[in-house]
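The values are calculated or read from the model by the stated rules, or taken from the named source; none is laboratory data. Worth saying up front: this structure is predicted, and the values here are computed from it rather than measured. So basically every Cβ, Gly included, is an ideal-geometry build from the backbone, and we count neighbours across all protein chains shown.
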Amino acid sequence: MTPLIALEHLWSLAECDPAALDSIAIDGDDPGLPSLYRVGTLASATIGAMALAAAECFRSRTGRRQRVDISMRRALAAFRSERYLRVNDGPAPELRGPLTGFYETRDGRWIQLHTNFEHHRDGVLKVLGCANDRQAVAEAIRGWNGAALDQTLGDAGLCAALIRAPREWAALEQAAAIAGLPLFQIERIGDAPPEPVGSGSERPLSGARVLDLSRIIAGPVAGRALAQHGAQVLLVNGPHLPNIAPLVIDNGRGKRSATVDLRHADGCATLRALAAGADVFLQSYRPGALAARGFAPEELARVRPGIVYVSICAYGHTGPWANRRGFDSLVQSASGIAWNETQAAQAASPRHLPCQALDHATGYLAAFGAMAALARRATEGGSWHVRVSLAQTGRWLQSLGQIEGGQRVPDVMFDDVRDCLETVESPFGKVLGTSPAERLSETPSCFGRPPVPIGTDEARWLA
């Protein structure tokens with residue numbers, strides 16, 4: 001499947017105006033990175049759909065259509081934005097905890113641990129009954145059968161995934177639940193009068209307000225994409241929740257940042273007041289977690305008629321794994337993607353895609369869905385719920401087909417993408433990061449603000 005055909009599929013699924021497709025061009029073809037999967041097609045199509053939706057939001061308010069150009073090379077750089085981040089000309093950031101990685105089990109299987117957060121690491125160590133040491137963890141895991149450990153850690157709310165072949169994944173009830181869902185969903189959840197997308201004529205989302213309740217990559221990428229087209233994005237973190245510092249910097253560009261504690265009534269009241277003034281409510285908590293605090297989509301549609309509520313999760317909102325904790329690499333491991341990459345490379349141990357492709361693609365799909373829903377709100381009115389998940393994105397990537405010999409393509413190094421990077425001064429120092437991949441002829445995408453430490457700003461909207 002070519003990148004343009006993949007984009008046309010996304011555009012059709014979102015029921016967007018097909019005439020807009022004449023305004024976009026995509027340059028490049030796979031393989032752009034060493035992988036048997038069409039990662040470049042995934043990057044170009046999802047970023048392209050997001051950018052074209054921004055152009056359509058601008059047209060809906062101003063009547064002016066513009067050209068959108070996507071370079072696969074730049075899109076793939078954006079898909080690795082955290083890898084290319086540099087602060088004060090320092091080294092590449094370290095994103096993984098020392099115990100994160102693959103381990104061989106007693107029955108000759110491989111399991112992946114994801115222990116980048118201390119509480120996840122400590123929970124795994126408690127289950128294994130061993131010291132905080134990679135060799136000790138490896139020895140403890142060799143005492144377990146792979147499937148039993150995978151189930152035990154999952155039931156304990158910890159982050160791990162057994163390396164499964166595609167046929168093993170397909171046999172699971174969760175795979176069947178994902179197969180019954182479209183790639184993403186945009187559903188009307190309430191009535192409201194039509195209202196325009198933002199205000200003014202400067203940028204596509206000028207005047208639009210976005211609450212970003214997300215961490216790590218997928219959700220923050222969605223918020224960052226909305227910010228780079230002019231939305232006022234307020235990142236809201238719980239003061240007690242852990243983060244990964246380089247990702248705060250990379251994905252915080254263009255955003256303000258506040259803390260709100262939803263464990264207390266006054267924090268819930270603050271968030272409810274913010275939601276009453278928002279256009280988009282973006283969240284990546286596990287399904288049902290925010291609903292338990294009174295922030296279900298339908299509830300916020302009553303608080304703020306016309307809101308676009310965007311939900312991002314790991315394994316989908318239905319099925320036995322709906323509440324299972326997951327990250328990009330774990331979904332790759334569980335769903336057969338890592339198994340296929342390993343087999344194609346004839347590697348001695350498992351290997352993943354050459355980037356966090358499910359995270360980034362899901363983030364851009366979330367931003368695309370948000371803008372498609374805002375465009376519908378402008379003509380039809382209504383409140384809307386957009387749903388995406390890493391597993392649904394992974395299933396679509398697998399459906400795009402494979403590239404024989406794709407893993408033999410040379411990797412793209414830091415010096416190869418210097419022209420895709422830009423520098424900004426920030427409270428963290430001099431930040432070098434990837435620039436937006438898309439090119440819009442009238443409203444160039446850009447980050448209007450540098451990244452700031454969590455909690456820098458007040459929990460309120462700017463006038």
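Observations, loosely collected:
- Among residues of the stretch 117-140, those that are outside any helix (DSSP H, G or I) and either without any contact (Cβ under 8 Å) to a residue 24 or more places away in the chain or closer than 20 Å to Trp321 by Cβ (or both), counted: 5
- Residue in the stretch 70-78 that is more than 30 Å from Gln343 (Cβ to Cβ), of a type in the set (Val, Ile, Thr) and touching a Leu at 6+ places or on another chain (Cβ under 8 Å) present: no
- Evaluated against (1) touching a residue at least 24 places away in the same chain (Cβ under 8 Å); (2) within 23 Å of Ala437 (Cβ to Cβ); (3) among the basic types (Lys, Arg), Arg418 falls short on exactly one condition, (1).
- Take the conditions (1) touching a residue at least 24 places away in the same chain (Cβ under 8 Å); (2) not in a loop (DSSP other than H, G, I, E, B); Gly143 misses just one of them, which is (2).
- Within the stretch 46-69, none of the residues are modelled with pLDDT of 95 or more and closer than 19 Å to Val248 by Cα.
- Count of residues meeting criterion [assigned to a loop (DSSP other than H, G, I, E, B), within 20 Å of the chain's Cα centre (by Cα) and among the hydrophobic types (A, V, I, L, M, F, W, C)] in the stretch 74-106: 3
- Taken over the stretch 204-245, residues that are in contact with a His (Cβ under 6 Å, 6 or more places away or on another chain) and not hydrophobic (A, V, I, L, M, F, W, C) amount to 1.
- Single residue of Arg418, Arg395 found to be in a helix (DSSP H, G or I), farther than 30 Å from Ala179 by Cβ and either under 15 Å from the mean Cα position of the chain (by Cα) or modelled with pLDDT of 95 or more (or both): Arg418
- In the stretch 24-51, the residues that are outside any loop (DSSP other than H, G, I, E, B) and either of a type in the set (Asp, Glu) or surrounded by fewer than 24 Cβ atoms within 10 Å (Cβ to Cβ) (or both): Ile24, Ala25, Ile26, Asp27
- Note on the stretch 248-292: among residues that are assigned to a loop (DSSP other than H, G, I, E, B), of a type outside the set (D, E, K, R) and touching a residue at least 40 places away in the same chain (Cβ under 8 Å), the one that is farthest from Glu425 (Cα to Cα) is Leu290.
- Sole residue being under 25 Å from Gly326 (Cβ atoms) and surrounded by 22 or more Cβ atoms within 10 Å (Cβ to Cβ), chosen from Arg387, Arg377: Arg387
- When Ala314, Ala301, Ala334 are checked against the criterion of being of a type in the set (A, V, I, L, M), touching a strand residue (DSSP E or B) at 6+ places or on another chain (Cβ under 8 Å) and under 19 Å from Arg215 (Cα atoms), Ala314 stands alone in meeting it.
- Taken together, Leu76, Leu7, Leu21 contain a single residue that is free of Cβ contacts under 8 Å to residues at least 60 places away in the same chain and touching a Ser or Thr at 6+ places or on another chain (Cβ under 9 Å), which is Leu7.
- Residues in the stretch 293-317 that are assigned to a loop (DSSP other than H, G, I, E, B) and under 30 Å from Gly154 (Cβ atoms): Gly294, Phe295, Ala296, Ala314, Tyr315, Gly316, His317.
- Scanning the stretch 229-246 for residues that are under 30 Å from Glu202 (Cα atoms) and in contact with a Lys or Arg (Cβ under 8 Å, 6 or more places away or on another chain) returns His229, Gly230, Ala231, Gln232, Val233, Leu234, Leu235, Asn237.
- Residue count for the stretch 220-245 under the criterion of being buried (at least 21 other Cβ atoms within 10 Å of the Cβ) and assigned to a helix (DSSP H, G or I): the result is 8.
- Looking across the stretch 192-216, the residues that are under 16 Å from Leu234 (Cα atoms) and assigned to a loop (DSSP other than H, G, I, E, B) come down to Gly198, Leu205, Ser206, Gly207, Ala208, Ser214, Arg215, Ile216.
- Hits in the stretch 196-220 (condition: in contact with a strand residue (DSSP E or B) (Cβ under 8 Å, 6 or more places away or on another chain) and either under 14 Å from Val308 (Cβ atoms) or aliphatic (A, V, I, L, M) (or both)): Ala208, Arg209, Val210, Leu211, Asp212, Leu213, Ala218
- Within the stretch 154-191, the residues that satisfy the criterion of being assigned to a helix (DSSP H, G or I), surrounded by 13 or more Cβ atoms within 10 Å (Cβ to Cβ) and not small (Gly, Ala, Ser) are Pro166, Glu168, Trp169, Gln174, Ile178.
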